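A short worksheet on the structure shown next.
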Amino acid sequence: MTAIRDFFRSIGDAWDGLHPNVRRAIGVAVLVFFIVLPFFFTAGGTFIDNATRALAYAVMALGLNVVVGFAGLLDLGYVAFYALGAFTIGWFGSSFYAQVNHGKGLHIGVTGVTGQLPGIHFNFLLVLVAAVIVCAIFGVLIGLPTLRLRGDYIAIVTLAFGEIIGRVAINGDSLKPFGYAVTAGRQGITPIDSPDLPGLASFGPLDLRPWYWTALGMALLSLFVSFRLRDSRLGRAWIAVREDEVAAASMGVPLVRTKLLAYATGAGLGGMAGAFFAAYFNTVNADQFEFSFSIFILAMIILGGLGSIWGVVAGAIVLSYINTYFIPNTFKSLPHHIGLNFDLTDLSFGIFGFLLVIMMVLRPQGLIPERRRKLELTEGVGAGDSEMPIEVSV
Amino acid sequence: MPAPPDFDLHSDSERGLEAASIPVRATRAAPFEAIQRFLSRYGLIIVLLALPLAFMASDLAHGHGFAHILENLKDGVSNGAIWALVAIGYTLVYGIIELINFAHGDVFMIGSFVSFGMWGTLGVTLGTGTLGRVGGLIVAGAIAMIACGSLNVMIERVAYRPLRHAPKLAPLITAVGFSFILQNVGLEWLGGSQHGVDDLVDAQHILVNIGGVHIINADVLAIGITIPLVLLLVAFVQNSRLGKAMRATAQDPEAARLMGINVDHTISLTFLLGGLMAGAAGLIYALYNTTIRFDQGFEAGLIAFTAAVMGGIGNLQGAVLGGLIIGCIQQISDDRINSTWTPAIVFAYLILIMVFKPQGLLGEETREAG
Amino acid sequence: MSEVAPQTAPAATADGPRVAEPGSSNGTILEASGVSKIFGGLVAVDEVTFSVPRRSIVSIIGPNGAGKTTFFNMLTGLYKPNAGAIAFDGKDITRARPDRILAAGMARTFQNIRLFATMTALENVMVGLHARMQAGLFGSIIRLPSVRKEERLAHEKAAELLEFVGLRSSHFHQMSVNLSYGDQRRVEIARALASNPKMLLLDEPTAGMNPQESERLRAFMQRLRDERGLTILLIEHDMKVVMNVSEYITVLDHGEKIAEGKPEEVRGNPRVVEAYLGKQTGE
């Protein structure tokens, strides 16, 4: 265990010791590697499929990390933004609202067959922007009632919103505010328009590479946003709020604004990934928007290292792979080899749970801990909200 | 115990200094504040009563009398008794180590499964005589309680204790991990679909009819087990030496350690008590609903945790109150609105309660009650 | 309200010799009138009326539990008073939010040093600069030239402040939890100064310091006042520091103001002796 820790630490130290230009060169090399990676695999194969999902999960996880990791607001209802992002593309990128414009549809920036379909069809990029905006607004709305709450009370209120939005997704077919149903209920909205992006042709089930590159682009954007914000005035304010809300307010950090910006940023990234997932799965399935999804993403960031940007990416990739690749494939073939007579795929989420426990007990601070958190562990520094002035006895 | 801070960091955000840059006045009795005060005092009561009162009014308007709404509330209370028992487990554990024990709902599910299994083992079926059934229920209940209690203690030992000094959220993930493991155990045990349970207590049998409200066997069972258990538990926590140790640890683990309290044992005891209650709740659930399912604990856990927070987490009485309130909201919603909306309505209530009373219904007492 | 106490603001400014610098003698910077705070039936602060002349050093003393920190918390917006009004620099701040009060020019430190534990000394001070910076969400993501410049200036300013409070530059990038107690106090003061306040509230700044350190801090406070024109209000238990540094002293006991005046007046006040100095448990 300490060996692992030392290994990571020595890598970190070695990295810090490098010349900035060398670091930059390595960064570019890694980037090029990831861009050309799909050429070495089957265009419609499982590798690219898994890699695409992992990247999209990384976007989700980076978004949640802004809320939980940076600002310290425990959000258990992150699935809400997956749902809202997915519905944004369901609303603006499918034939769901077929009656719009007398059945002729509404088209912006779409070509080919899609341009003839009824319903609202916006270009994928426009939809992504819309998803970010819709989710950021909802992030603020959901954040508002939690502002005066602390710690686990925030958790339960966000959880409640997540569940409510999940319920609306399932029952939304009976909600018709202006004669238009909010969702398609359990039927789901399908098909979803294939993205129509310049330079990337043929998004479809046979060639997954454009999907991969889109996901990679979104992940890079999320990384960029995360790094820039972490090292900014706002990022410092988030960490200050996380460490000690009272001191932060006394030092001039406006709590409401700071927290709401964290919610909005995190929600925006989640919504972007949500819209992507809906397009990728070619459906907005209301039954997916469950609490366990929130927990899945939360597990990624805690496992990876709360607040640590690279850690979160690592956590997302590891859990995504365990979820989509490792368990169904590896374990399905295992029993025959070792002579067990029951199907281990039945045990998939039990094994998932077991791995969560093992990984957490072995590396409680996460795979790649945030530098700050490492210290928090060794020094036993709490989150600072239990220490109240002694004279105050309420 | 999370000390509810009194710092008021947010209020009056509407009023900037610019607006206030006027000579000091002695008082600022704005009507805005009066409304705020009124809402903070009575808002919650209004919110809680809105649903039952609205339907009562509509019943009366249609000439149906009080029977229907009272029947709803009666069902709600007996159903809520189960949530109350599960919620106690959340609140005890949260009170002492500030952890949302996500595996707790699944421990409750195991309670139902063990009860069911015990009837099979003991050979208690619909053909068994009354005495045999009662004996079978008592034995099965006792074993389910012990099984859940031990399971809970084991989970703490394996998944939480090693992480006691880890970041606060680390044990949350191991809790989720154990929740998955237990669900999978349930799945392997009885399969993925609903599993019928013999209606051993003749649950729907109407015992008495008080002014149109039908008291059925299931009600008597739920209330009859919950009340004594809760009373015993409260008495234990408040009066016994171990209970005092629990409260001391909840207030300040470090100080408790210095006072010679074995903190590890005390935490184990807390998990044991929570597990016992969950086991009893599992038994009642199986008899009350006559079906069990491997993922019943997931929803129950969510509801019970909501109940615990609603009542003011860390507070025993609050957990019971929260459970009963949620039971009533669920019943009214199931019966009057639509059961597919029920979870959304329960959670909307939770949000409203958090807005009006951020510490939960009985949250302020947490400090004294430990 | 206490009738023993000599009356407040106007009289106090009139004969405060060290306050009367030319051009800046325009009265009080902070004025609290009839301020009360009640916690669940317990009156923590009871109708305290109190004022601080501009560019003075004023102390609040009193036994433990006298309501001093509660009073501080009301001044800085952490608590809302149940009654009364507080004016700072001509503005009513009775119910203002803490961050607005800071922006108005009143900064504080805490009794039990509340640094952001996992931030470096420098970052802590940069949080103190928050109110004086502009960068928003999008500006920070794009890192506009103006944001870049602001960030660099903030960095310089923070380093300058840490130097000013006497932190060794090798400690600038240390996590604040790893700093010694005295250095943590220094960083906290630098963080409070970062907002360029008009008035500084120090809650038991010499707690845990040895006499030499306390003496240095006392000199530092006077320097702040003389060089930077700050008004300083402090809660302090160390009588040597209080008597040496304060122009005025206010004594609280059980939430009530029981005395007020210059050090020599307060020292001789029988109620103070009874309530505070008489009880050796005061420290």
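Before moving on, here are some points about what is shown:
- Looking only at region A:17-50, and only at residues there that are touching a Phe, Trp or Tyr at 6+ places or on another chain (Cβ under 6 Å) and not aromatic (F, W, Y), the one that is farthest from A:L128 (Cα to Cα): A:P38
- Listed here are the strands (runs of 3 or more DSSP E) enclosed by region C:231-278 that have at least 1 residues being at positive phi: C:256-261.
- Here C:V43 passes the criteria (1) of a type in the set (A, V, I, L, M); (2) facing chain A (nearest Cβ under 10 Å); (3) in contact with a Gly (Cβ under 8 Å, 6 or more places away or on another chain) except the one numbered (2).
- You will find that of A:L128, A:L141, the residue that is more than 12 Å from every other protein chain (Cβ to nearest Cβ), closer than 24 Å to C:L137 by Cβ and at pLDDT 90 or above is A:L128 and no other.
- Selection count, region C:64-93, where residues are away from chain A (no Cβ under 11 Å), over 19 Å from A:M251 (Cβ atoms) and in contact (Cβ under 8 Å) with a residue 24 or more places away in the chain: 7
- Candidates in region B:183-197 are the residues that are more than 13 Å from chain A (Cβ to nearest Cβ) and part of a loop (DSSP other than H, G, I, E, B); of these, the one that is surrounded by the fewest Cβ atoms within 10 Å (Cβ to Cβ) is B:S193.
- Test for B:M109: is it within 14 Å of chain A (Cβ to nearest Cβ), touching a helix residue (DSSP H, G or I) at 6+ places or on another chain (Cβ under 6 Å) and either crowded, with 20+ Cβ neighbours inside 10 Å or in a helix (DSSP H, G or I) (or both): yes
- Meets criteria (in contact with a helix residue (DSSP H, G or I) (Cβ under 9 Å, 6 or more places away or on another chain), in a helix (DSSP H, G or I), among the basic types (K, R) and closer than 24 Å to C:P211 by Cβ) for C:R186: yes
- Flag: C:V52 does not match the condition of being hydrophobic (A, V, I, L, M, F, W, C) and either over 23 Å from C:M221 (Cβ atoms) or outside the structural domain of C:D238 (by TED's automatic domain parsing) (or both).
- Qualifying residue in region B:89-99 (condition: in contact with a Phe, Trp or Tyr (Cβ under 8 Å, 6 or more places away or on another chain), within 14 Å of another protein chain (Cβ to nearest Cβ), at pLDDT below 90 and crowded, with 18+ Cβ neighbours inside 10 Å): yes
- Residue satisfying condition, being under 20 Å from C:A103 (Cα atoms) and outside any helix (DSSP H, G or I), within set C:A135, C:A158, C:A131: C:A135
- The condition (being more than 14 Å from chain B (Cβ to nearest Cβ), of a type in the set (A, V, I, L, M) and either part of a helix (DSSP H, G or I) or buried (at least 18 other Cβ atoms within 10 Å of the Cβ) (or both)) is satisfied by just one residue among A:A181, A:A219: A:A219.
- Filtering C:V48, C:V43, C:V52 for residues that are surrounded by fewer than 24 Cβ atoms within 10 Å (Cβ to Cβ) and among the hydrophobic types (A, V, I, L, M, F, W, C) leaves a single hit, C:V43.
- Selected residue (criterion: modelled with the lowest pLDDT) from residues of region C:210-230 that are in a helix (DSSP H, G or I) and among the small types (G, A, S): C:S214
- Residue list for region C:94-126, filter: without any contact (Cβ under 8 Å) to a residue 60 or more places away in the chain and closer than 26 Å to A:S308 by Cα: C:T118, C:M119, C:T120, C:L122, C:E123
- Within region B:198-223, the set of residues being in contact with a strand residue (DSSP E or B) (Cβ under 6 Å, 6 or more places away or on another chain), in a strand (DSSP E or B) and free of Cβ contacts under 8 Å to residues at least 24 places away in the same chain comprises B:I206, B:L207, B:V208, B:I216.
- Residue count for region C:94-116 under the criterion of being facing chain A (nearest Cβ under 7 Å), over 15 Å from the mean Cα position of the chain (by Cα) and surrounded by fewer than 24 Cβ atoms within 10 Å (Cβ to Cβ): the result is 0.
Quick grid of which residues meet (1) in a helix (DSSP H, G or I); (2) at pLDDT 95 or above; (3) more than 14 Å from chain C (Cβ to nearest Cβ):
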{"position": "A:L260", "(1), (2), (3)": "yes, yes, no"}
{"position": "A:Y263", "(1), (2), (3)": "yes, yes, no"}
{"position": "A:G268", "(1), (2), (3)": "yes, yes, no"}
{"position": "A:G271", "(1), (2), (3)": "yes, yes, yes"}
{"position": "A:F276", "(1), (2), (3)": "yes, yes, yes"}
{"position": "A:F296", "(1), (2), (3)": "yes, no, yes"}
{"position": "A:M300", "(1), (2), (3)": "yes, no, yes"}
{"position": "A:L306", "(1), (2), (3)": "no, no, no"}
{"position": "A:G311", "(1), (2), (3)": "yes, no, yes"}
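- Filtered residue count, region A:132-153, keeping only those that are touching a Lys or Arg at 6+ places or on another chain (Cβ under 9 Å) and under 14 Å from A:A267 (Cβ atoms): 2
- Taking region B:292-370 and the helices (runs of 4 or more DSSP H) fully enclosed by it, the elements with 2 or more residues that are buried (at least 21 other Cβ atoms within 10 Å of the Cβ) are at B:296-311, B:316-332, B:342-356.
The values are calculated or read from the model by the stated rules, or taken from the named source; none is laboratory data. As the structure is a computational prediction, the values presented were derived from the model and not from experiment. Note that we place each Cβ from the backbone using ideal geometry, even for glycine, and neighbour counts take in every protein chain shown.
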